[in-house]
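**Q** Would you mind keeping the following structure in view while I ask a few things?
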Ligand SMILES: C[S@@+](CC[C@H](N)C(=O)[O-])C[C@H]1O[C@@H](n2cnc3c(N)ncnc32)[C@H](O)[C@@H]1O
């Protein structure tokens with residue numbers, strides 16, 4: 001996994017089910033491009049990055065650790081929620097500013113080099129039928145030409161996963177789990193993409209310790225042996241068309 005663990009703790013980037021969701025970070029790093037990067041500079045040096053729906057702002061911290069100038073956003077009060085964690089990294093916090101941004105109404109055009117989010121589309125998609133597309137259109141508009149979108153979202157995965165969510169999760173009604181083919185096709189209308197799916201057992205853990213343990217089993221076994229539609233995390237790297 002990531003060597004940024006030396007500087008930013010992975011628990012400050014990914015809040016839950018971290019062994020599976022953290023797989024997004026090396027995947028994105030592998031595909032990210034920065035024309036301004038030299039051998040001496042960090043991967044996102046001087047890049048303008050927007051995190052949408054950041055809540056505790058974990059991806060903002062990650063992007064800052066790669067040298068980006070970051071706008072950490074959420075619907076309301078992003079600074080109040082994210083700064084207690086960001087305060088732990090004063091050198092990185094200097095690279096982060098805060099702004100309330102609605103992913104359905106982003107007031108920037110041709111501006112950001114990179115936009116990122118994790119577990120936001122599922123909430124937005126539950127609002128109305130067209131909300132997912134509207135969010136992607138807004139992101140497309142806010143990215144500069146050649147800009148890059150990084151995101152990770154929950155997939156429906158199998159009937160076992162959907163049954164377990166209905167049985168054990170309280171917020172089911174306000175979340176729309178995404179169908180693999182459907183999400184992939186929708187994104188392809190606006191972006192060229194590289195994607196992968198990870199995680200099968202991790203989400204079934206009853207607490208974080210179990211999730212992490214099951215996440216390691218996913219890494220060792222299920223991430224390569226099961227059909228991609230059976231896994232529950234969609235990790236996407238997109239280039240603006
Ligand atoms: C499940 S939380 C995920 C938080 C964080 N990204 C993470 O993965 O830990 C969903 C987040 O999306 C935000 N959100 C919901 N609708 C949004 C919208 N229309 N625009 C921006 N953020 C939104 C919520 O405020 C919340 O912080």
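The values are calculated or read from the model by the stated rules, or taken from the named source; none is laboratory data. Owing to the predicted nature of the structure, the values given are computational and were not obtained by experimental measurement. Virtual Cβ from ideal backbone geometry, glycine too; neighbours counted across all protein chains shown.
**Q** What's the total number of residues in segment 93-105 that are in a loop (DSSP other than H, G, I, E, B) and within 13 Å of the ligand (Cβ to nearest atom)?
**A** Going through segment 93-105 one residue at a time, the tally reaches 3.
**Q** When you scan segment 108-123, how many residues do you find that are farther than 15 Å from residue 144 by Cβ and either more than 14 Å from the chain's Cα centre (by Cα) or in a loop (DSSP other than H, G, I, E, B) (or both)?
**A** 2
**Q** Condition test on residue 89, is it at pLDDT 95 or above, more than 13 Å from the chain's Cα centre (by Cα) and more than 30 Å from residue 134 (Cα to Cα)?
**A** Judged against the criteria, residue 89 is a match.
**Q** For residue 88, work out the one condition from (1) surrounded by fewer than 21 Cβ atoms within 10 Å (Cβ to Cβ); (2) in contact (Cβ under 8 Å) with a residue 24 or more places away in the chain; (3) part of a helix (DSSP H, G or I) it doesn't fulfil.
**A** Status for residue 88: all satisfied but (3).
**Q** Inspect all residues belonging to segment 29-51 and state whether any of them is closer than 26 Å to residue 110 by Cβ, free of Cβ contacts under 8 Å to residues at least 60 places away in the same chain and buried (at least 23 other Cβ atoms within 10 Å of the Cβ).
**A** Within segment 29-51, none of the residues are closer than 26 Å to residue 110 by Cβ, free of Cβ contacts under 8 Å to residues at least 60 places away in the same chain and buried (at least 23 other Cβ atoms within 10 Å of the Cβ).
**Q** So residue 108 fits all but one of (1) buried (at least 17 other Cβ atoms within 10 Å of the Cβ); (2) within 29 Å of residue 199 (Cβ to Cβ); what number is the exception?
**A** Against the list (1) buried (at least 17 other Cβ atoms within 10 Å of the Cβ); (2) within 29 Å of residue 199 (Cβ to Cβ), residue 108 comes up short only on (2).
**Q** Do you know which of the residues in segment 137-152 that are more than 14 Å from the chain's Cα centre (by Cα), surrounded by 17 or more Cβ atoms within 10 Å (Cβ to Cβ) and outside any strand (DSSP E or B) is nearest to the ligand (Cβ to nearest atom)?
**A** The qualifying residue nearest to the ligand (Cβ to nearest atom) is 138.
**Q** Being modelled with pLDDT of 95 or more and out of contact with any strand residue (DSSP E or B) (no Cβ under 6 Å at 6 or more places or on another chain) narrows it down to one of 73, 60, 126, 83, so name that one.
**A** Being modelled with pLDDT of 95 or more and out of contact with any strand residue (DSSP E or B) (no Cβ under 6 Å at 6 or more places or on another chain) holds for just one of 73, 60, 126, 83, which is 83.
**Q** Let me ask you something else. Just the residues that are within 7 Å of the ligand (Cβ to nearest atom), under 18 Å from residue 143 (Cβ atoms) and in contact with a helix residue (DSSP H, G or I) (Cβ under 7 Å, 6 or more places away or on another chain), please, taken from segment 50-92.
**A** 54
**Q** Still on this structure, please answer the following. Mind listing whichever residues of segment 10-24 are more than 12 Å from the ligand (Cβ to nearest atom) and surrounded by 22 or more Cβ atoms within 10 Å (Cβ to Cβ)?
**A** The answer is 19, 20, 23.
**Q** Of the residues that sit in segment 199-234 and are under 19 Å from residue 11 (Cα atoms) and touching a strand residue (DSSP E or B) at 6+ places or on another chain (Cβ under 6 Å), which one is surrounded by the most Cβ atoms within 10 Å (Cβ to Cβ)?
**A** Among those residues, the one meeting the criterion is 199.
**Q** Here's another thing I want to ask about it. I'm trying to understand the selection: among the residues of segment 118-130, which are near the ligand (Cβ under 10 Å from one of its atoms) and over 24 Å from residue 60 (Cα atoms)?
**A** Within segment 118-130, 126, 127 meet the criteria.
**Q** Next question, about the same structure. Among (1) in contact with a strand residue (DSSP E or B) (Cβ under 7 Å, 6 or more places away or on another chain); (2) farther than 28 Å from residue 198 by Cβ, where does residue 39 come up short?
**A** Residue 39 satisfies all of (1) in contact with a strand residue (DSSP E or B) (Cβ under 7 Å, 6 or more places away or on another chain); (2) farther than 28 Å from residue 198 by Cβ except (1).
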